[in-house]
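This report refers to the structure that appears directly beneath it.
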Amino acid sequence: MSVVLPSSPDSAIPAAPSAALALRFCGLSFRSPIVLLSGCVGFGEEYTRVEGFSNTDAGAIVLKGTTGSARLGNAPHRVYETADGMLNAIGLQNPGVDHVVRHILPSLDFTETRFIANVCGSTIEEYVEVTRRFEDSAIDAIEINISCPNIKEGGVQFGNVPSMSARVVAACRAVTAKPLITKLSPNQTDIRENARCCIDAGTDALAVINTVTGMAIDVASRRAVIGNGQGGLSGPAIKPIALLKVKEVYEIAGPRGIPIIGQGGIVCARDAIEFLIAGASAVGIGTALFYDPLVCKAVNTGIADFLHAQHLSSVTELVGTLGTAPRARDAAC
Ligand SMILES: Cc1cc2nc3c(=O)[nH]c(=O)nc-3n(C[C@H](O)[C@H](O)[C@H](O)COP(=O)(O)O)c2cc1C
């Protein structure tokens, strides 16, 4: 596995909230296994004005999906609350890669956490252009979003066909030496085959899963609620789907030393621990931030308490332990 405890810090990143939470992910030092997810934290500054919030509580933060040119996004409504979840079809609103690299990255404090770009495109050429631009920047790693369900061209069209996914990954791999993470779609027949193709094409890590496609209907107008007609479902409603996808991808990625950022509906430490056991080396939090921007602190504390109760010295000892017997019962969470 490429995820091991650091013997010594390799950067100016402050000490972990708990030493047991620190890990290395694709050669990067993470202070915590928590990754704040793309689209839910703006460009890294979103919550820094909220009292009690600190970027240092997260191992990494993934910036909003970025394209070659600025995009205005979709017509409203763009978000809608569902039972235990949220539909969104933002449509990748962003100011374009040039603006992000020139004006946003210089304002981020890279001593606080790791910042990961989220690269999107309508064509393979656009993915390559955006990746190349981030390669010449301070960004710590690059996540390729081949799973966005909310744009008309590109996005999930690449992510649902393994051979197309592999072409995007190989093309981006050719222009960057930074850690490359590929974000997989749950909206496909066999996520394992796609994971295998992306690994063969050179991805260093996988993010599992993006949102699940869905819709809501307004019965009075008999129209779709979301302006785009459909959207991506996130939040607790998708957690069981996400957990299974992580477990399936781990069957392929684990033996090959490819780490996974597990995500989809995590709101508390127990959720995060389930994803670690299923095979995730790090865990993403997105939708939960909208109603509790301080959720990160509680999840860090809960994981640390669980490790202590289970007599484990590192969060990495939990990864992929599904089906193995715990050392102690009734651990707090
Ligand atoms: C409002 C919103 C915007 C999102 N935008 C992006 C995006 O730009 N790029 C991306 O890869 N994922 C995007 N996502 C997906 C999340 O990063 C995450 O994978 C998904 O929501 C599942 O995690 P969660 O249930 O914790 O939110 C977005 C999700 C939401 C709710």
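Please verify whether region 80-100 includes one or more residues that are part of a strand (DSSP E or B) and among the hydrophobic types (A, V, I, L, M, F, W, C). Scanning region 80-100, I find at least one residue that is part of a strand (DSSP E or B) and among the hydrophobic types (A, V, I, L, M, F, W, C), so the answer is yes. Scanning region 45-72 for residues that are at pLDDT below 95 and farther than 21 Å from residue 272 by Cβ, we see that the one that is farthest from the chain's Cα centre (by Cα) is 51. Scanning region 219-239 for residues that are outside any loop (DSSP other than H, G, I, E, B) and touching a residue at least 12 places away in the same chain (Cβ under 8 Å) turns up 231, 232, 233, 234, 236, 237, 238, 239. If you check 22, 75, 83 for being surrounded by 19 or more Cβ atoms within 10 Å (Cβ to Cβ) and over 15 Å from residue 294 (Cα atoms), only one passes: 22.
Number of residues in region 240-281 that are farther than 17 Å from residue 206 by Cα and not in a loop (DSSP other than H, G, I, E, B) equals 6. Checked against (1) part of a helix (DSSP H, G or I); (2) surrounded by fewer than 24 Cβ atoms within 10 Å (Cβ to Cβ), residue 51 passes all but condition (1). Checked against the criterion of being touching a His at 6+ places or on another chain (Cβ under 9 Å), in contact (Cβ under 8 Å) with a residue 12 or more places away in the chain, small (Gly, Ala, Ser) and surrounded by 18 or more Cβ atoms within 10 Å (Cβ to Cβ), the candidates 117, 89 yield just one match: 89.
Just one of the listed residues (128, 168) is in a helix (DSSP H, G or I), of a type in the set (Val, Ile, Thr) and over 22 Å from residue 261 (Cβ atoms), namely 128. Scanning region 265-281 for residues that are away from the ligand (no atom under 13 Å from the Cβ) and in contact with a strand residue (DSSP E or B) (Cβ under 7 Å, 6 or more places away or on another chain) yields a total of 4.
When you look at residue 292, is it within 16 Å of the chain's Cα centre (by Cα), within 13 Å of the ligand (Cβ to nearest atom) and within 30 Å of residue 51 (Cβ to Cβ), yes or no?
Spelling it out, it is not the case that residue 292 is within 16 Å of the chain's Cα centre (by Cα), within 13 Å of the ligand (Cβ to nearest atom) and within 30 Å of residue 51 (Cβ to Cβ).
The values are calculated or read from the model by the stated rules, or taken from the named source; none is laboratory data. Please read all numbers here as calculations on a predicted model, not as lab measurements. Every residue, glycine among them, receives a Cβ derived from its backbone with ideal geometry; neighbour counts consider all protein chains shown.
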